[in-house]
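Peer 1: Below: one structure in structure tokens.
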Amino acid sequence: MIKILYSLLFCISSSILLGQEIDVLFLGNSYTGANNLPSLTAQLATSLGDTINYDSNTPGGYTLQGHSTNATSLNKISQGNWDFVVLQEQSQRPSFPPSQVATEVYPYAEILVDSIHSSNPCTEPLFYMTWGRENGDQQNCQFYTPICTYDGMQLRLRTSYLEMTNNNQTSVSPVGAAWKYTRDNYPNIDLYTSDGSHPSLAGSYLAACVFYSSMFRSSPEGATYSAGLSTNTASTLQNIAKLIVIDSLDTWRIGADDPSAHSIIATNNNNTVSFSATTNNVENFHWDFGNGETATIASPTSTYNNGGNYTVILTVDNGCITDTTSTTVSISSTAISEQKATFRYTQDNAHLFLEFINNSTRTVTFYDLNGRLLNQKIIHDKSYIFGTKSFPSIYFIVIREGDDYQTIKLFK
């Protein structure tokens, strides 16, 4: 199961993670069970370098209402170790009149989503948008004419699944939308078995490609697993899944509630830098300023005592998922504020003589105009001589004593 990892070894954007491993529970009926869709999806993922551990419960003809009281389904949900729980309604019900769907489908979708989140608030319910029957629903056409054709039935299914998705603030795997695109553009690929309802191997493979894209937010193109289909057919179906899912993530609410850290805004006031970031859906912040300091508030500040370039990393999470962004902060030696450390100096072309008002422990650091470190020394005496023969003609010196420091520019 994907978990929050705070170690900086894993502070990379979730959008570019490779070799992910997820746990998925499929709850549906024969549309999910046909051609063992969970296994097809897992094998597809494996060929792309990812891993799906799965379980399923797919009794024939089952509805969301049935799953909402089914002991096997509820026990599997209660395990709570799922990244996704796929919810597939009976193939006809979501296409029925809106008033009927509102009473026979939506309440049970909500019950199942609540059960999933009660078992694990980090689990994402994923609705399985199915497809219209090859020639429409002739069984119920006499009662509701919009479903007499494939296109009419498909539109009702799409509408109902999107309403379920939006009502429950979840996401949907748009298999039905990919099915329609395939029928419209590649009619030679037969997605149905002879009953005009259940998926052929090509139909299930298309569904697997769509599920892979929906779960991993990544294109299935290039998968070497073809489930026995021709290379050309498999490649076409992979491309269709990419077009439908990856190019329209917002439509399907895929990743809509994921935390995101878009960019860091850094405002430099001498050596004290104020930070803020553009973020969405964030509960927790972890800043690493690159100078040994960290913070866990939304808009922190950090003080840089030495010039140079610092990589600032922001890791955010929503309690379940992390995202990371970074920026570089350039600190000029000339921007380091002068404090009350007091000394006198004399120099020639090869030496710098420093004299302080008392004995104390001090750090003396030299930089060139580009902020490159030239020399650093901890001294304890009131006076000290530094060799500067190899120094450039213009350089900076920073004297630090406790929290007090002073910066001057020197000319040889």
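The values are calculated or read from the model by the stated rules, or taken from the named source; none is laboratory data. Being a predicted model, the structure only gives us computed values, none of them experimental. Cβ placement follows ideal geometry from the backbone for every residue including glycine, while neighbour counts extend to all protein chains displayed.
Peer 1: Looking at N75, N53, N70, N81 in this structure, which one is more than 27 Å from D258 (Cβ to Cβ) and within 30 Å of the chain's Cα centre (by Cα)?
Peer 2: Values: N53 fails: more than 27 Å from D258 (Cβ to Cβ); N70 fails: within 30 Å of the chain's Cα centre (by Cα); N81 fails: more than 27 Å from D258 (Cβ to Cβ).
From the options N75, N53, N70, N81, the qualifying one is N75.
Peer 1: Can you confirm whether D323 is surrounded by 19 or more Cβ atoms within 10 Å (Cβ to Cβ), within 30 Å of I399 (Cα to Cα), acidic (D, E) and at pLDDT 90 or above? Working first, answer last.
Peer 2: Numbers: surrounded by 19 or more Cβ atoms within 10 Å (Cβ to Cβ): yes; within 30 Å of I399 (Cα to Cα): no; acidic (D, E): yes; at pLDDT 90 or above: yes.
No.
Peer 1: Would you say S39 is within 26 Å of Y108 (Cα to Cα) and either not assigned by TED's automatic domain parsing to the domain that holds S226 or not in a loop (DSSP other than H, G, I, E, B) (or both)? Don't jump to the end; show me each part of the working.
Peer 2: Values: within 26 Å of Y108 (Cα to Cα): no; either not assigned by TED's automatic domain parsing to the domain that holds S226 or not in a loop (DSSP other than H, G, I, E, B) (or both): yes.
When the stated conditions are applied, S39 does not pass them.
Peer 1: Taking the options T279, T272, name whichever one is surrounded by 15 or more Cβ atoms within 10 Å (Cβ to Cβ) and not assigned by TED's automatic domain parsing to the domain that holds S171.
Peer 2: Only one candidate passes the filter, namely T279.
Peer 1: Ok, one more. Give the residues of the stretch 25-61 that are aromatic (F, W, Y) and farther than 14 Å from H198 by Cα, sorted by residue number. Give the steps one after another, and end with the answer.
Peer 2: Restricting attention to the stretch 25-61, the residues satisfying the condition of being aromatic (F, W, Y) are 26, 31, 54.
If the condition is that a residue be aromatic (F, W, Y) and farther than 14 Å from H198 by Cα, then F26, Y54 are the ones that fit.
Peer 1: Can you tell me how many residues within the stretch 129-146 are in contact with a strand residue (DSSP E or B) (Cβ under 6 Å, 6 or more places away or on another chain) and not in a loop (DSSP other than H, G, I, E, B)? Break it down stepwise before answering.
Peer 2: Within the stretch 129-146, the subset in contact with a strand residue (DSSP E or B) (Cβ under 6 Å, 6 or more places away or on another chain) is 129, 134.
Subsequent filtering for residues that are not in a loop (DSSP other than H, G, I, E, B) retains 134.
Count: 1.
Peer 1: In addition: Could you tell me whether any residue of the stretch 348-369 is modelled with pLDDT under 90, in contact with a helix residue (DSSP H, G or I) (Cβ under 7 Å, 6 or more places away or on another chain) and not assigned by TED's automatic domain parsing to the domain that holds D288?
Peer 2: Yes.
Peer 1: Among the residues of the stretch 67-97, what is the count of those that are without any contact (Cβ under 8 Å) to a residue 40 or more places away in the chain, surrounded by fewer than 16 Cβ atoms within 10 Å (Cβ to Cβ) and not polar (S, T, N, Q)?
Peer 2: Count: 1.
Peer 1: Check N57, N35 and return the single one that is polar (S, T, N, Q), more than 23 Å from S119 (Cα to Cα), touching a Leu at 6+ places or on another chain (Cβ under 7 Å) and modelled with pLDDT of 95 or more. Even if it seems obvious, please write down each step before you answer.
Peer 2: Numbers: N57 fails: more than 23 Å from S119 (Cα to Cα).
Every option except N35 fails the conditions.
Peer 1: A follow-up question, please. For the stretch 285-308, does any single residue satisfy the condition of being modelled with pLDDT under 90, in a strand (DSSP E or B) and within 33 Å of the chain's Cα centre (by Cα)?
Peer 2: Checked against the condition, which is being modelled with pLDDT under 90, in a strand (DSSP E or B) and within 33 Å of the chain's Cα centre (by Cα), the stretch 285-308 yields at least one hit.
Peer 1: Still on this structure: Looking at the stretch 355-375 only, could you name the residues that are in a strand (DSSP E or B) and over 54 Å from the mean Cα position of the chain (by Cα)?
Peer 2: Within the stretch 355-375, the first condition is being in a strand (DSSP E or B), and the residues that meet it are 355-356, 362-367, 373-375.
Once the filter is applied, which keeps residues that are in a strand (DSSP E or B) and over 54 Å from the mean Cα position of the chain (by Cα), the stretch 355-375 yields E355, F356.
Peer 1: Just name the residue that is surrounded by the most Cβ atoms within 10 Å (Cβ to Cβ) out of those in the stretch 293-320 that are under 25 Å from I408 (Cα atoms) and out of contact with any helix residue (DSSP H, G or I) (no Cβ under 9 Å at 6 or more places or on another chain). Please lay out each step first, then the result.
Peer 2: As a first pass, look at the stretch 293-320 and keep what is under 25 Å from I408 (Cα atoms): 301-310.
Next, only the ones that are out of contact with any helix residue (DSSP H, G or I) (no Cβ under 9 Å at 6 or more places or on another chain) stay: 301-303, 305, 309-310.
Numbers: T301: 14, S302: 22, T303: 16, N305: 16, N309: 10, Y310: 19.
Per the stated criteria, the residue is S302.
Peer 1: A further question on this structure: For the stretch 109-128, name all the residues that are surrounded by 20 or more Cβ atoms within 10 Å (Cβ to Cβ) and either outside the structural domain of S56 (by TED's automatic domain parsing) or in a helix (DSSP H, G or I) (or both). Give the steps one after another, and end with the answer.
Peer 2: Within the stretch 109-128, the first condition is being surrounded by 20 or more Cβ atoms within 10 Å (Cβ to Cβ), and the residues that meet it are 109, 112-113, 116, 123-128.
Across the stretch 109-128, the qualifying residues are A109, L112, V113, I116.
Peer 1: Looking for something touching a residue at least 60 places away in the same chain (Cβ under 8 Å), among the aliphatic types (A, V, I, L, M) and within 15 Å of W179 (Cβ to Cβ) - is there at least one such residue anywhere in the stretch 227-235?
Peer 2: We begin by selecting, within the stretch 227-235, every residue touching a residue at least 60 places away in the same chain (Cβ under 8 Å); these are 227.
Okay, now just the ones that are also among the aliphatic types (A, V, I, L, M), so 227.
Okay, now just the ones that are also within 15 Å of W179 (Cβ to Cβ), so none.
No, the conditions are met nowhere in the stretch 227-235.
Peer 1: Here's another thing I want to ask about it. Only one of these conditions is not met by S326: (1) on the phi > 0 side of the Ramachandran plot; (2) not in a loop (DSSP other than H, G, I, E, B). Which number is it?
Peer 2: Every condition holds for S326 apart from (1).
Peer 1: Only residues that are touching a residue at least 60 places away in the same chain (Cβ under 8 Å) and over 28 Å from the mean Cα position of the chain (by Cα): list them for the stretch 24-35, please. Quick ask: steps written out before the conclusion?
Peer 2: Here is the first cut: in the stretch 24-35, the residues touching a residue at least 60 places away in the same chain (Cβ under 8 Å) are 24-32, 34-35.
Passing the criteria: N29, S30, Y31, A34, N35.
Peer 1: Can S360 be described as touching a strand residue (DSSP E or B) at 6+ places or on another chain (Cβ under 9 Å) and either under 30 Å from I22 (Cα atoms) or without any contact (Cβ under 8 Å) to a residue 24 or more places away in the chain (or both)? Walk me through how you get there before you give the answer.
Peer 2: Numbers: touching a strand residue (DSSP E or B) at 6+ places or on another chain (Cβ under 9 Å): yes; either under 30 Å from I22 (Cα atoms) or without any contact (Cβ under 8 Å) to a residue 24 or more places away in the chain (or both): no.
For S360, the condition - touching a strand residue (DSSP E or B) at 6+ places or on another chain (Cβ under 9 Å) and either under 30 Å from I22 (Cα atoms) or without any contact (Cβ under 8 Å) to a residue 24 or more places away in the chain (or both) - is not met.
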